[in-house]
Structures are given as C-alpha cells and as structure tokens.
Amino acid sequence: MSSVYQRKTSSSPPPSLSVSSSSTTVATSDMTTDKLKNDMTPVDINIPDNYVEHTLKTTKALPPITWGNWYKELNWLSFTILTVTPTIGLIGAYLTKLRWETFFFAIFYYFFTGLGITAGYHRLWAHRSYNASKPLQYLLALAGAGAVEGSIKWWSRGHRAHHRYTDTDLDPYNAHKGLVWSHIGWMLVKPRRKPGVADVSDLSKNEVVRWQHRHYVPLLLMMGFVVPTVIPWLLWGDAKGGYVYAGVLRLCFVHHSTFCVNSLAHWLGETPFDDKHTPRDHVLTALVTIGEGYHNFHHQFPMDYRNAIKWYQYDPTKWFIWACQQLGLASHLKVFSDNEVRKGQLTMQLKKLRETQEKLKWPNDNTDLPVISWESFQEQSQKRPLILISGFIHDVSTFIEEHPGGPHLIVKMIGKDATTAFFGGVYDHSNAAHNLLAMKRVGILHGGHAHGLEDKLIPPSQRLKIARYNELSSAYGSSTAYSDGEGMFY
Ligand SMILES: [Zn+2]
Ligand SMILES: [Zn+2]
C-alpha cells in the first residue's frame, strides 16, 4: 500500500502551486468574488510530497547580500520605517521632557500593542490556539495595527511558513542565517526567496482579518501614532510627549521586542522538549517578548495557547488570554496533553543521560568475549589469575592487591567458580564491586550456567542502561540464541 503511494507520488511531477483561476471567462465585475473564492482555497491543497526539496532545487534565490550590492537590494518601505522611527524617537526624546504620566502610559501602550501581536497576530490568528469573541478580535486587530508589523494576514502567512519550514531557506526568518538576519535583516532587504507555501484561507474567511487588511494604512497611523498622541494630550496636556514616547519610541521597543522572538528565541537558552531545530527556552527572551520566550515548547506544541507551562514562568500573553476567558471574551483555549508534553521532556532528559553514559567505560560486550571451555579455563588459570563468577571468566591480576578483603581470598579462588562466595557466600559484595568485577571480564565459560538470576549477570550500573531503539531490536533479534539455551548471555 505504502509502496504504491510512494511510487505514485515520486513519479508524478509536482503540480503547479499557483491557484488556477478561471477568470478568463469571468466578467470584470465578478473578479472580486472570484478572487475571494481563490483566497479561500487552501494554497497547499495540491502540495507535492517533496515540496521543500523540490522548491529549493528548482527555484532560484536572489544573490546573497554583500557590501557591494546591499543598497540595490533594500526593501525601501521596511528599511525606512525601521531606521526613521528610532531616529525620530531619539531626537524627540532629546528635545522632549518625559512626564511620569506619559512614561507610564507609554509602558501601558507598549504592552497593549505588543499583546496585539503576541495574543492576537501570533497565538490567535497564526496558530488558532483559542477562539476570540468579535469585540476581542477587533481590539486585538487594532492593537496589532499599532505595532506596525504588517497586516494580520501578511504576518500570519510568514509566521506559518516559519513554523512549517523552520531553519530552512523557505523559512522567511531562517535562524541559520544568523542573529542579525533573523532579527531584522530579513525585512531590510528584498526577500531572498519566496517563503514556503503556507495556507491562510481560514484568515481570508475572517471578517476582522479582512477588515484590518483592507484599512491597514489608516489603522496603522491611527493606532501607531494618533491614539498615543491624543490620549496624553486630552488627559494631561502632553501631546508632544505622547507622540515621542508612547508613539515613536514605544514603537521601536515593540518592534525589537517582537523581533526577538525570531532572533533571541532561536539562539539563547535550553531545549527541554526537542533539539532537532533552533528554538530555545529562556526567561530573558520571555521578559523582552511579553512571554514568547519559551519558544522550544512553542515550536513543539504551536497550537497550545501557552508558551510557558509552569505557573511561575513569565508569560503575560498566556495570562491575558486566560483573563479574557474569565471575562467571557475568549473560549476553547487549546492545551496540549500533559502526557505528550512529558514524553518530549523525558526524551531530552534521557538524551542528556545517554551522553553521560557514553562518556563512561563499560565492560566488554558479551558478543566480543571468547567462549572458553572448562579445560582451557583451567589451563590458562595456571598462567594468569582467572576466576569464574556467574559464567564469566575474569582476569583479576590488576586487582588482587587492592581487594579490600585481602588478596588471599582472591588467590584461593583462581581457577574456580567463585559465584556463591562473591554473592554473599563469603561477603555480599557492593554494587560498586559488582560493577568493577564486570570490567575484568575476559571470556565466557562454554556451557557455564548463570546461577539462575539475571542480577548476577548484569552489573547494577547496567540494569537501567539507556539503549537506542536499534540497539534494543538487535538484542531481541538474537533471541533465537537465547531460547535455544546456548546463548544465555544474550
Ligand atoms: Zn520560531
Ligand atoms: Zn509561532
């Protein structure tokens, strides 16, 4: 079944990804309806299975940015917004006294417009991690417009591509291209390639998203600059301060705060859920991004309305969404099953332990040990100190003098089976002794028996040893040898 499917998909050429339009026969007046219909068809419905590889191979990227070509490659609109804003802000701050009221309002307005991006653009629209009532949607769409980062539709399309093609060239802010690129570089110049296909037909159906997209420029000007100027002007007569601090400078902070989700969150911190890609968790990133700093979790469970899963971790965006739910403005907050979240954590913990395990020296593998007959064991014991314990032959020459119970107890067992004496007959040896003994294994006695118990065969340090799945299958794969009684050592 699967081979048929694979043959079919690999032999058929990837279909065109552009949405075909039947507009040739459609009257001009129907164009809008037609466009709307196309907007609502998922663009990735006919995506070929080898889309990423195929696209990277067949579409050409623009040349890399160099000192010689950067000025020709600028994206003038974003470049101007991202350079003029801080310039006006700094000059304005130099010329304008900062009043306390305006200072606190600017901070409030930073969180308000920032939440428009984090709780609105990001968690609501790009990821559908909860349902928002119409009033909340309009509020978030307005707040997000005040952050001047493009319309919901444009932003979410890029962000969905970022999640789908993380760390590849189809990810618009590919973290492998460096911290500066993922933070701001990708907006300053023309995109080097079209971002990978990502469907936003659900957003095309949303009236709030459509409304914001249609009126984006006036909304941006109103929410980005007019509102933060007018409120301080009406309430405490500080229009200039409002414009400079709550308008322009606040915008710089919101910009770089949210840009950190693409740069810092893919660069700084730990990977407690998965280390396949660059996203990381760090409290510092969370502090500067209104809670989007638990990005390793977020890329693993993007539909979860939380970024931080522990109550004490800083995630105001999560608290805001939760509060909206309490107020009846939001519902259906998606939470990934704790059982699955913990599987990811466990995998990473085991991976770390496995690294520790691999740094230690372990006894010779059973399959590497020669099988020795009783006669040969006797004969070789004349030349070097060999002792039989649990079916294994041990060379104890380096240990005789160090034996805590005295060398005589070892010497008298040379060429003999010391299993009973070792396991409590004379002294019930410690785990450490058993571990050390296993390091002295040099052979397996042919036809020797294991005295029944597995714990005598396997040293304590190896009973919970971390094995990769392929190592396990090879152990089980030799089970025929186990069942026929010959291979009692596996
Ligand atoms: Zn990311
Ligand atoms: Zn995301």
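Only the coordinates and a few stated rules stand behind these numbers; no lab work does. Keep in mind that what you see is a predicted model, and the values were worked out from it rather than measured. No Cβ is skipped: glycine too gets one built from the backbone with ideal geometry, and neighbour counts run over all protein chains shown.
Mind checking which lysines have their Cα closer than 18 Å to the Cα of Lys97? Skip sequence neighbours fewer than 8 apart in that chain.
Of all the lysines, those that pass the test against Lys97 - Cα under 18 Å, at least 8 places apart if same chain - are Lys240.
Mind giving me the nanometre distance, one decimal, between the label points for Arg384 and Thr58, set 7 Å out from Cα along Cα→Cβ?
6.4
Under the rule of at least 5 residues apart or a separate chain, name every residue whose amide H is placed under 5 Å from the amide H of Val189.
Those qualifying (amide H under 5 Å, at least 5 residues apart or on another chain) are Asn75.
Using packing as a proxy for protection, rank 423-431, 385-393 so that the peptide with the highest average count of other Cβ atoms within 10 Å comes first. Please report the intermediate quantities before stating the final value.
On the way: 423-431: 12.4, 385-393: 23.8.
Peptide ranking by packing, descending: 385-393, 423-431.
At a 10 angstrom cut-off on C-beta neighbours, averaged per residue, how do the peptides 144-157, 122-135 rank from highest to lowest?
144-157, 122-135
Would you list, by chain and number, the lysines whose Cα falls below 24 Å from the Cα of Lys318, excluding same-chain residues fewer than 8 positions away?
Lys134, Lys153, Lys310, Lys334, Lys343
Evaluate E = 1/(1 + (r/R0)^6) for His163 and Gln357, where r is the Cβ-Cβ distance and R0 equals 35 Å; express this FRET efficiency to the nearest 0.05. Please report the intermediate quantities before stating the final value.
Working: r = 33 Å, r/R0 = 0.95.
Efficiency at R0 = 35 Å is approximately 0.55.
Please compute, for the alpha-carbon atoms of the chain, the extent along each of the three principal axes and give them in descending order in Å.
Projected onto the principal axes, the Cα atoms of the chain cover 100, 63, 55 Å.
Given R₀ = 56 Å, FRET efficiency for Asp202-Asn431 by Cβ-Cβ distance, to 0.05?
Plugging the Cβ-Cβ distance into 1/(1 + (r/R0)^6) gives 0.45.
What nm distance separates the two modelled labels at Asp338 and Leu98, each placed 7 Å from Cα along Cα→Cβ?
4.3
Under 25 °C and 0.890 mPa s, how fast does the stretch 275-314 diffuse according to Stokes-Einstein, given a Kirkwood radius computed over C-alpha pairs? Answer in µm²/s, whole number. Spell out each step's value before the answer.
Details: Rh = 10.0 Å.
Reported coefficient: 245 µm²/s.
Using the per-residue mean of other Cβ atoms lying within 10 Å as a proxy for protection, in what order, highest first, do the peptides 58-65, 195-202 fall?
195-202, 58-65
Of Leu98, His122, His299, which is farthest towards the positive pole of the stretch 66-348's charge dipole, taken about the Cα centre with +1 and -1 on the beta-carbons of Lys, Arg and Asp, Glu respectively?
His122
Most exposed first by the Cβ proxy, i.e. fewest other Cβ within 10 Å, how do Val209, Val261 rank?
Val209, Val261
Evaluate the charge dipole of the chain about its Cα centre and quote only its size in Debye, nearest 20, assuming +1 on the Cβ of each Lys and Arg and -1 on the Cβ of each Asp and Glu.
With Lys and Arg at +1 and Asp and Glu at -1, about 1600 debye.
Suppose the chain between Val84 and Glu375 were pulled fully straight at 0.36 nm per residue; how much longer would it get relative to their current alpha carbon spacing? Before the final figure, lay out the partial values.
Numbers: separation 291, 0.36 × 291 = 104.76 nm, distance 9.01 nm.
Full-extension gain reported as 95.8 nm.
Using the count of nearby Cβ atoms within 10 Å as a rough guide to exposure, how do Trp233, Trp76 rank from fewest to most?
Fewest-to-most Cβ neighbours within 10 Å comes out as Trp76, Trp233.
Please give, to one decimal in nm, the separation of the simple spin-label points placed at His215 and Gln462, each 7 Å out from Cα toward the Cβ.
7.3
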